[in-house]
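Below is one structure; the comments refer to it alone.
Each value in this text was obtained by applying a stated rule to the coordinates, not by laboratory testing. A quick note: this is a predicted structure, and the numbers were derived from the prediction, not measured. Positions of Cβ are generated from backbone atoms using ideal geometry, with glycine treated the same way; all protein chains shown enter the neighbour counts.
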Amino acid sequence: MNKTKRVALDAVLAAIALLLFIVEAQMPPLTSIPGIKIGLANVVTLFAVYYCGKKDTAAILFVRVALGAIFAGNLSTFLYSFCGACFCFLITCLLARFFRKKVWVLSVFGAAAHNTGQLLAASVFMQTISVFWYLPYLLIAAVCSGAFTGLCTQFILNRIQNRKDIGQ
Amino acid sequence: MKRIHSRSPSNKFWIAVFAAVIVLCIAFILLSKMFSGHVAVITQDGKEIAQIDLSRVTESYTIPLEGNVILVEPGAIRMHSANCPDQICVHQGVLHDTGRIVCLPNRVIIEMKHTKTQADAKAG
């Protein structure tokens, strides 16, 4: 993939991720517990890890989190999603090569890391560790939503690989 | 496909692992609900100020403390206001059956417990 194509692809992926993030933020919360959502934007992150490489993924993720906070949030949501995204990215990159054929497993680990990162941010931000009482709720949510987004990514990757015209 | 990747654990293995995680989490949630309960214990400076059985509260009322105002409602308790600039305890929201609200500047703790205790020495 040449440089121009790469930049264009990254930009498109960042735009898709941002759109998913904003649309999801408009939906009513699924539960009364803050922080539980499907995490559709993670589909793009996972896809990028395999399709574009880690450096590009980091760029896409940062652009999405920063612009997402501008369009659909505020400073505190930025802090939370930034910490969550960092944890999620680290775990995803570390484990990516083990789960090429099982993206849903990777996605669950990423989602769990994301939620743990958010709780860490919340505990520092609110200066209390009592937020960790939410961890079991968030872990259950991470398994469900992570499996879903991971399966989505798996399907996309399988489709893309069978099409040479989109091009590596 | 399956034969090539037979070295890594199968999908079934991971499904079992994640199912176990979910079961453990649910067990933990249920246990923590069992061991906490309807009694809100309010302490300031490590001294117990009040124990309120939230299931017996029928009308909302406030408890003014030094620096904070606590709002007691049927089945719920929350910090209504605080004189500190950051308002962390106010933003911690409502307690129903688990958890605690901590106000660091005024050293106030609201904690949910299962039953009423006689002069619990735990200062939190």
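Obtain the nm distance between the two label points defined at B:Lys47 and A:Asn162 by a simple spin-label model: each point lies 7 Å from its Cα along the Cα-to-C-beta direction.
According to this spin-label approximation, the distance is 7.5 nm.
Quick one: what are the phi-derived ³J(HN,Hα) couplings along region A:140-152, Karplus 6.51/-1.76/1.60 with θ = phi - 60°, whole Hz, x for glycine and proline?
These are the phi-based 3J(HN,Hα) values: 4, 4, 5, 4, 5, 5, x, 4, 5, 5, x, 5, 3 Hz.
Scan around B:Leu65 for amide H atoms under 5 Å from its own, H built in the peptide plane at 1.01 Å from N, and keep only partners 5 or more places away or cross-chain.
So B:Leu65 has HN proximity to B:Ile70.
Would you tell me the mean number of C-beta atoms belonging to other protein chains that fall within 10 Å of each C-beta in A:108-115, as a whole number?
That works out to 1 on average.
Inside 10 Å of the C-beta atoms of B:92-100, what's the mean count of C-beta atoms belonging to other chains?
Taking all residues of B:92-100 together, the mean is 2.
Determine, for region A:1-77, the count of lysine pairs separated by eight or more sequence positions (or lying on different chains) whose alpha-carbon distance falls under 18 Å.
4
Per-residue HN-Hα couplings for region A:107-118, Karplus 6.51 cos²θ - 1.76 cosθ + 1.60 at θ = phi - 60°, whole Hz, x for Gly and Pro?
After applying 6.51 cos²θ - 1.76 cosθ + 1.60, I find 5, 5, 4, x, 5, 4, 5, 4, 5, 5, x, 5 Hz.
If you fit an axis through the alpha-carbon atoms of helix A:54-72 and take the longest principal axis of the Cα set of chain A, what angle between them do you get, 0 to 90°, nearest 10?
Between helix and principal axis, roughly 50 degrees.
Taking the beta-carbon count within 10 Å as an exposure proxy, list B:Glu111, B:Glu48 from fewest neighbours to most.
Fewest-to-most Cβ neighbours within 10 Å comes out as B:Glu48, B:Glu111.
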